[in-house]
Every structure is written in C-alpha cells, then in structure tokens.
Amino acid sequence: MDAFYASVEQRDDPNLRGKPVIVAWRGNRSVVCAASYEARAFGVRSAMPALWAERLCPDAKFIAPDFTRYRAVSKGVHEIFKRHTDLIEPLSLDEAYLDVTENKTKMASATLVARTIRGQIRQELDLPASAGVAPNKFLAKLASDWRKPDGLFVIQPEEIDAFLLPLAVGRLPGVGKVTGEKLAKLGVQTVGDLRKLDLPSLAQQFGRYGRRLHELSRGTDDGEVVPDRPTKSISVEDTFEHDVPLAETEPMIRRLAEKLWTASRQESRIARTVVLKLKTSEFKVLTRSYTPDSSPSSCEKLTTIALKLREGVDLSPQQRYRLVGVGLSNFREPGDATRQPPLFE
C-alpha cells in the first residue's frame, strides 16, 4: 500500500486530497508514522521526528494516527488477496508477500493477478497500491518499490541481471551503514561489484551473512511465502515528553502493560516471557526479561512482573530515561505454556 495511513486519511477526508499530510502525534518526542507523497516532496519520511517534519513542511496537515481504522482497512485488503491465493505472508498492516504460482482465479500470469488485485483495491477501497512481480520474495520486494506510488513493476527471470547488477549495494536487505562502509572499503559500490567477490572472501569478512550477500548478488532467494507465521514476540513502547528518572516510569509501564495485554488476547498462542525495555537519555538501550513458571494470566500479573523487572535496573538514581517498552515473547501453544521448558532448548 502507498503511504498507507496517510492515504486512508486522504480518502476519508476529501479536504486532505492533494495536500501534504503527516500522520503523527504532535510533541517534542513524536515521530512520523506516515507521510503523503505531497509531504514526501518536502523531504518528510516515516520515523522522522515530528518536529523536524514540521520544519520541512510547515503547511502540512498533522493527523493523529487511528490504528483501529487502519487495521480495518488492512483487513479489507487481505480479503481481496484471499480471492486469489491462500499463500499470503503479512509483513505489516500495509505490506504482504503473495505466492500466486497456483492462483484461485486460474489467471495465466502473476502479472495479471497483480494488475487485477491493484484494480480491485482501487475500485473497492478507493486506495492506491503498488506491486512487484518477480521469481522470488527478495526481487519482488525490490520491484514493489520501483514504481511507487500506484505502480506495477515486473522482473522476468531473464531480466534479473539487467535489473540487479547496476543497483547500489545499499538496496540489498541487511546492508545498512556499517556493512555498506565495510563493503565500500572492499571496492563494492554496486551489486555487480559484489558479485565479483567469491563466497570464501565474503564469509571471511561477514561471517554467515557473507553467504546471504553472495546469494542476493545473484538474485537468489529460496525463502517461501509462509502464511500464518507464528508470532515470536509482541511489544509496545512510548517516549516520554521529557526524560524522567526510573522512579517516575511506573505510570507509563502500567499503561503499556494494559495495552500489551489487550493486544496479546488476539493471539491463539500464549507468551511465557515478559520483557522490559528502557532507553536512557544517552540512547543506551537496556532490557530485562523474566520467564515465570506459568504464563501471566491477567493484566495485573503482567504489570507486576514488568514493574518487578524495573528493580533489576542498577544504574544511578540520577540516570534519566527517554523511552520505556513492555513486551511478550517465547510464545507457545496453550498446552505447552504451563510446562517448564528444558534447561537446554
């Protein structure tokens, strides 16, 4: 989906159409959840501090996010997907992989399926969507970004090298600033440069990720589209308006624990481990976790564990914190949730 949250807001309020829209709470610590393409023209991007976005685009309309509404729209998009295939792997509310090798509508090509899905989303939900069609997930993801917004891009098998080799190596998943700098020292700027390095050299420089780089440089990705992928963890976090001492984090922890408990009720599996996350004013991240003999059975018990984990933070009382988060992990099937796991697992 293209600028999903912002597009939903523009759809539902005609006065916002064609204008720069920023979906974000106002505040010194808020970040941009989404920006319309009109706002992006001013340099506004998701995850950017809201204050910075406002400086870049002072005439933008700020809209507080409404995730309940976005989830409802996302469900409608997925209902359209399901007409064509059951092999759907959601990545987020606005993005998913689909395997349409054997599609329900018996269409002759993945390109035709993608074109049809985009048309149905436009007609029924009045929203733009972009699609990438390719032989594997890695290439399809690249293709989906290629003609945004409201675009369709297809990479045929015989076109992989022509598309891939000229790309900047930073377009590959997992190549961030550090890896990019390390590759630059090896003379690697493009995917074509990367392909010239043999597997032993990449493994020596990057360990196990070296094999992945070797595969990506050749357009290889054996990952299957996995529907209903089991949840590994869920978490919620928030940033304080001003940095606070540890003793003042309790109200926020209680609110987050309640929000997390509500979210966890949507899961069929049960989490065993509670995680507390804190970020200091110096941006150092601390985590504490605890796995009780049985899963937290109520919001109150979850909150009690989260607050108890706070006692395990042994920094100076003068230390200030800018963010706190509460999470659940180590999900199990209900019948396994009360059994103590083996010591070595």
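Readers should treat all values here as calculations from the given coordinates under stated rules, not as data from a laboratory. What you see is a predicted model, and the numbers here were worked out from it, not measured in a lab. We place every Cβ from the backbone using ideal geometry, glycine too, and count neighbours over all the protein chains shown.
Quick check: Cα centre of segment 171-248 to Cα centre of segment 53-114, how many Å?
Cα centroid to Cα centroid, the span is 24 Å.
Return the FRET efficiency for the residue pair Leu51, Lys232: r is the Cβ-Cβ distance, R0 is 35 Å, and the value is rounded to the nearest 0.05.
In this case the efficiency is close to 0.60.
So if I average 1/r over every pair of distinct C-alpha atoms in segment 166-301 and take the inverse, what Kirkwood radius in Å does that give?
Taking the inverse mean of 1/r over all distinct Cα pairs, segment 166-301 comes out at 19.1 Å.
Which whole-number percentage describes the relative contact order of segment 13-100, with Cα contacts under 8 Å and a sequence gap of 6 or more?
So the answer I get is 23 percent.
Rounded if a/c is under 1.5, else prolate if a/b beats b/c, else oblate: with a ≥ b ≥ c from the C-alpha gyration tensor eigenvalues square-rooted, which is segment 165-216?
Note, shape of segment 165-216 comes out rounded.
Out of residues 5 or more away from Thr85 or on other chains, whose amide H comes under 5 Å of its own, with H placed 1.01 Å from N in the peptide plane?
For Thr85, whose amide H was placed from the backbone, the distant partners under 5 Å are Lys104.
Identify all aspartates and glutamates with a Cα-Cα distance to Lys104 below 16 Å; exclude those on the same chain that are fewer than 8 residues away in sequence.
Glu79, Asp86
Excluding same-chain residues fewer than 8 positions from Lys259, which lysines have a Cα within less than 28 Å of its Cα?
Lys61, Lys75, Lys232, Lys277, Lys279, Lys284, Lys301, Lys308
Please report the relative contact order for the chain, taking Cα pairs under 8 Å with a sequence separation of at least 6, and give it as a percent rounded to a whole number. The partial results should precede the final answer.
On the way: 570 pairs, mean separation 41.5, N = 345.
Computed over the chain, the figure is 12 percent.
Can you put Glu282, Glu258 in order, fewest other beta carbons within 10 Å first? Don't skip to the answer; put the middle values down first.
On the way: Glu282 9, Glu258 16.
By the 10 Å Cβ count, ascending: Glu282, Glu258.
What is the spin-label model distance, in nm, from Asp145 to Asp314 if the labels are put 7 Å beyond Cα along the C-beta direction?
4.2
Scan around Leu165 for amide H atoms under 5 Å from its own, H built in the peptide plane at 1.01 Å from N, and keep only partners 5 or more places away or cross-chain.
Counting only residues 5 or more places away or on other chains, the set is empty.
So, how do all the Cα-to-Cα distances of segment 123-179 break down into 10 Å bins, in percent, from 0 on up?
22, 46, 24, 7, 1
Seen from all sides and averaged, what is the projected area of the convex hull of the Cα atoms in segment 72-192, in nm²?
8.2
So for segment 1-156, averaging the separation of alpha carbon pairs under 8 Å that are six or more residues apart and normalising by length, what relative contact order in percent results? Don't skip to the end; give the middle numbers.
Details: 268 pairs, mean separation 27.2, N = 156.
Here the relative contact order equals 17 percent.
Quick one: net charge around Ala143, please, counting Lys, Arg +1 and Asp, Glu -1 for every other residue with C-beta under 14 Å from its C-beta.
+3
Name the long-range amide H neighbours of Ala131: under 5 Å, sequence gap of 5 or more, or other chain; modelled H, no Pro or chain starts.
Correct list: Gly151, Leu152, Phe153.
Show that you can apply the helix-only estimate: for the chain, add -39,500 (n - 2.57) for every DSSP H stretch of four or more residues, divide by all residues, and state [θ] at 222 nm to the nearest 500. Show your work: numbers first, answer last.
Working: 13 runs with 123 residues, N = 345.
Mean residue ellipticity, 222 nm, calculated: -10500 deg cm²/dmol.
Output ³J(HN,Hα) for segment 254-269: one whole-Hz value per residue in order, computed from phi by the Karplus curve 6.51 cos²θ - 1.76 cosθ + 1.60 with θ = phi - 60°, and x for Gly and Pro.
My calculation for segment 254-269 gives 5, 5, 5, 4, 5, 5, 5, 4, 4, 5, 5, 5, 7, 8, 7, 8 Hz in order.
So what does the Cα-only Debye profile of segment 233-336 read at q = 0.21 Å⁻¹, as log10 I(q)/I(0), no solvent term?
-1.02
Taking a ≥ b ≥ c as the square roots of the Cα gyration tensor eigenvalues, with a/c under 1.5 meaning rounded and otherwise prolate when a/b beats b/c, else oblate, which class fits segment 32-106?
Judged from the Cα gyration tensor, segment 32-106 comes out prolate (a/c at least 1.5, a/b above b/c).
Which distance in nm do the two modelled labels at Arg269 and Ser294 give, with both placed 7 Å along the Cα-to-Cβ direction?
The answer from the label model is 2.2 nm.
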